[in-house]
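The values are calculated or read from the model by the stated rules, or taken from the named source; none is laboratory data. Because the structure is predicted, anything quoted here is derived from the model rather than measured. No Cβ is skipped: glycine too gets one built from the backbone with ideal geometry, and neighbour counts run over all protein chains shown. Heads up: the accessible areas ignore ligands, DNA and RNA and are worked out on the full protein's heavy atoms, side chains in. Shrake-Rupley method; radii C 1.70, N 1.55, O 1.52, S 1.80 Å.
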Amino acid sequence: MKTAAPNQKLQFLLLGTVGLAVLPHYPHLPPLTFGFFAALLGWRLLGVRHPAWLPERRVLFLLLLLGIALLFTERQGIFGRDAGTNLFITALGLKLMEMKRERDSCLIVYMAFVAAATQFLYEQGILFGAYIGLVCCLLLTLLIAMNGLQHPIAQALKLAVIFVLQAAPLAAAMFILFPRLDPPKWLAIGSETRNRTGLSEMLEPGSITNLGLSDELVFRARFDGPLPPPHQRYWRGPVMAATDGKRWVQAQNFERYPKSNPQVSGRPYRYTLLLEPQEKNWVFALDMPAEFSPPLSRNANFQMITSELHGQRAAYKLTSYPDYNTGPLSSAEYRDAIQLPGTPSARVKELVARLHGYDAAPELFIKSLLNHFRRENFRYTLEPPKLDANPIESFLFDTRAGFCSHYASAFVYLMRAAQIPARVVTGYQGGETNEVGNFIQVRQADAHAWAEVWLDRRGWVRYDPTAAVAPERIEYPLDVSRLSPGETIYFESASGEFGKIVSLLKQAGLIWDTVDYGWQRWIINYNGTHQANFLAGFGIKGSRAMLNWLGAILIAATVMLSLAILYRRRRKLDPALRIYVRFCGKLARKGLVKGTGEGAKDFAERVKAALPEHAGEVDGITGIFMNLRYGKRPDPKDIEQLKRRVAAFKP
Amino acid sequence: MNAPGLKMKDRFRLSRFVFGEKASPDPITLNHRRIFILPTLSGLGFAFLAVLLFFIAFVYNNNPVYLLAFLLAGIFFLATVHTFRTLAGLVIREGHGKPVFAGGTAAFPIHIDNPTPLLRPQVRIEGQPETELALPPDSRNQIFVHRTAARRGWCEAGTITLYSTFPLGLFRAWSPLRFNMKILVYPQPAEAGVPLPPLSAGPNREGTGHQGSDEFYGLKNYSAGDPVRRIHWKAYAKGYGVLSKQYGGGSGGELWLDFDETPGRGTEERLSRLCRWVLEADQAGLRYGLRLPDHRIVPADGALHRQSCLEALALHPL
């Protein structure tokens, strides 16, 4: 082992790569820790050129104390993802200051591998994966370069890439076949959730505004058959039945409603829902989810709930029916569905009466109310004016500008004023279709609120008052990328030149999304269930069978790869040598075997002694061969002569 | 070529891993039988790294980390093949080394041929100092393995270990080789200062005396071993070829270096002294003979004579 530290160029490369490995930790590290690490890295970088500037032993000890103090003040403990990362990065920073020998550099490279890998605990996107893959290639390059300095770096990099490519099949086999088991409970330190925006448990007209602007992906749904038309794409979330006039929340004891199975009809939609990490256990199913399997369950509001929440992407298989009848209403449900804070004001009563709320069938009242929204100058906007103490009345009679929450809550309020059971349903509506991958992706911008009215013999029926005001909102998704606050809202039905560019970009985006979907479906979300299903297709059932297959495949792959690597380039014999070997073969049959260390000339002498009658031929052949092989100016034509002579040679 | 086969018992002999197989005079081609491989400390660290990542992946149920851990494991496996390939196929031959004096360094020439089209970027030979070389494709290379020649007699190269940790430093492939290579070690010359014994024309004088060093006797064709200073340069310059001046004469005594009459305590000290005298006598162009208890070399001069005297001293029984 060499004990010298790597040369300067290599040190720069090492420190740079360590920086690249740690850089993406920036968002999830406490600023102090990141600053501490960055300072140490910077110091070390300066130290490459000026080794005298590096801290001595006592200063190092102080730095160590400082690092410990930082960890202590951040109060994250030692265990768990955040604390572990924090601790690890601090240790890596300190280790950088002590990079004296090759062994230290090696340890730093290994630590950088861990630092790079732990990024995946926070972020698992495909681009991110590519970035980490690149960092890992660089780290391998460093290992190679540190082990054999005489290499140019580019050659080491090439070798590293070759290594990764050769190891990829092995890694793939292990990835597919290694049984995915759940970690034991005592090890479950990985359940920290991230702070994500999402639908809230409370609806207060205005609280969805932020969501409306977020481009963040919520889920994707891949359909086995055709996609549902846009007006059926209602992804059901929490149902808000209780209100104090300003806010809407889920009814307090809705869990105790008697559960009923809605009667479903129409064409079923079978799909796989790929849900991004959530902090709530809500699963947004297409209205009305009818077939599902654990860990999913359907609560009394027909909302899908999962019993597993692990802060990671999850996939669920579901079947939904667009037509359904939820049947009769229980008394508790009814009470909650007509509950109002106090009695409606005279203005409201007058409006309900004008729209035949009291004297006509509910369907008629609904129709005239939707017409009212459409005919009167109601506006759809994401930037509604601020509403005062009585938001519903102010919206209905004064401002008349708002978005889905305003319309849904006002609609339900008026229904209840007319003693018709109604409630607000939140969730997502629409979504962007990806024709390439046959899936729909729904972003936070697609968050929506609509209304459900209970009608005799039909059960809960969905009405979307927003559609009456802004039908495009339902048919076309909101174009978030072109939206800035206070601007007119564009819906995506662009045409003309601009539309063409947009559609081209969209096309590229769709293909990219398909790749991304594959990455998430096959890499990120390849859990125990998927693995079991996938491998069962090949007749591999159970962990034991998986391990057996894994062993067999690994052995086969190793043997094949080894053969390929070891015998990749079979030596091509020099033509002169090949002919000479033929000559030797002829002599070997006469019992004259050329020794391994024996030169051609010595061999010729021996042959001549044994077969004096062939001395001339032997000398000639040996002479030409020697000239071809070792001569200063071998004549290619001699090969032909050699060939002829050897062919004619009959000892 | 390797010896045709190893018996099962020999195959599992531990010494094969450390000292190598029996010495052989033939060139040795490195193959799976000659090359051993074990992870280095860094290699064990790398394996630990892969296990650690695997553990993280398991605890957090994180597939990309699984993938990374498996990739590192695959690289670890493949490193064995790559490291093995760095040595496999090389052909090692022994060379002929030059004698040295005791206390010096014996340099054993080793020929390492790379008859394959593969570059071997890092092949190291254990020793003090360690040698590292890169073997280009289809190349013949020679290196010297140095051993300290502590005492006179035959110095053996012992086990010569080639090794490589290329490319990642995770594994060390090594091949311990033994050859029948020997280098003769002359006794260490004693310090100069003790004068040569007197020239004697006495009873010990032997037959070929008329070729002594004193009087010019005639010219003869130069033969290897004649002292350079006796070459008749003038004749050479005139184009008569290389001629050696012959000296002879009655008064010219011969120098007998007699073990029994050599000062010194013990055999080794006397041999050292004799060694110094042989060098001095040769330097002075004297004719000298050597008398050892069991060996006698009649007086002569020249490089060959010097060599046979030194050999006799070197191989004097201990």
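Below is a table of values for the structure above.
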| quantity | calculated |
| --- | --- |
| Mean separation of Cα contacts under 8 Å, 6 or more apart, over the residue count of chain A: relative contact order % | 12 |
| The protein assembly as shown: calculated mean residue ellipticity at 222 nm from DSSP helix runs of at least 4, using -39500 (n - 2.57) | -13000 deg cm²/dmol |
| Relative packing of peptides B:85-96, B:34-45 - highest average C-beta neighbours within 10 Å first | B:85-96, B:34-45 |
| Estimated inter-spin distance, B:R33 and A:H50, nm [label 7 Å along Cα→Cβ] | 6.2 |
| Among the listed pairs A:K594/B:K22; A:K608/A:K637; A:K9/A:K100, those beyond 19 Å (Cα-Cα) | A:K594/B:K22; A:K608/A:K637 |
| Magnitude of the charge dipole, region A:44-189, Cβ model with Lys/Arg +1 and Asp/Glu -1, debye to 20 | 280 |
| Distance between modelled label sites at A:K643 and A:A332, nm, 7 Å Cα→Cβ extension | 9.7 |
| R0 of 35 Å, Cβ-Cβ distance A:S265-A:Y122: FRET efficiency to nearest 0.05 | 0.20 |
| Peptide-level mean, for A:167-175, of C-beta atoms on other protein chains within 10 Å | 6 |
| Modelled FRET efficiency - R0 60 Å, B:D10 with B:V228, Cβ distances, 0.05 increments | 0.70 |
| Contact order relative to length of chain B, as percent, for alpha carbon pairs under 8 angstrom and 6 or more apart | 16 |
| Fully extended contour minus Cα-Cα distance, from A:K590 to A:L611, at 0.36 nm per residue | 6.6 nm |
| Label point distance in nm, B:L304-B:L41, each placed 7 Å from Cα along Cα→Cβ | 5.6 |
| For region A:8-177, the fraction of alpha-carbon pairs in successive 10 Å shells from zero, as % | 9, 36, 35, 17, 4, 0 |
| Rounded FRET efficiency, nearest 0.05, which uses the C-beta distance separating A:K367 from A:W522 and R0 of 60 Å | 0.80 |
| Candidate aspartates and glutamates for bridging to B:K98, where Cα separation is under 18 Å - those fewer than 8 sequence places away on the same chain excluded | B:E156, B:E311 |
| Per DSSP, loop chymotrypsin sites (Phe, Trp or Tyr not before Pro) in region A:48-116 with at most 13 further Cβ within 10 Å | A:F79 |
| Positive-end residue of A:L66, A:Q507, A:N299, charge dipole of chain A with Cβ unit charges | A:L66 |
| Net charge of Cβ neighbours under 15 Å - reference A:F12; Lys, Arg +1; Asp, Glu -1 | +3 |
| When the convex hull of its Cα atoms is projected in every direction, mean area for chain A (nm²) | 46.4 |
| Debye intensity ratio I(q)/I(0), log10, region A:573-648, q values 0.20 Å⁻¹ (C-alpha model) | -0.83 |
| Within straight-line cross-link reach of A:K317, aspartates and glutamates at Cα separation under 14 Å, skipping those fewer than 8 residues along the same chain | A:D224, A:E291 |
| Accessible area of chain A divided out per residue, in Å², using a probe of 1.4 angstrom | 48 |
| Unit charges on C-beta of K, R, D, E only; dipole of region A:202-494, Debye | 580 |
| Full-extension gain in nm, A:E291 to A:R103, via 0.36 nm per residue minus C-alpha separation | 61.9 nm |
| In region A:82-134, trypsin sites (Lys or Arg not before Pro) in a DSSP loop with at most 14 other beta-carbon atoms within 10 Å | A:K100 |
| Cα-Cα pairs of region A:44-127 separated by more than 16 Å (percent) | 61 |
| Average Cα contact separation per residue, region A:573-648, under 8 Å, 6 or more apart, as relative contact order % | 36 |
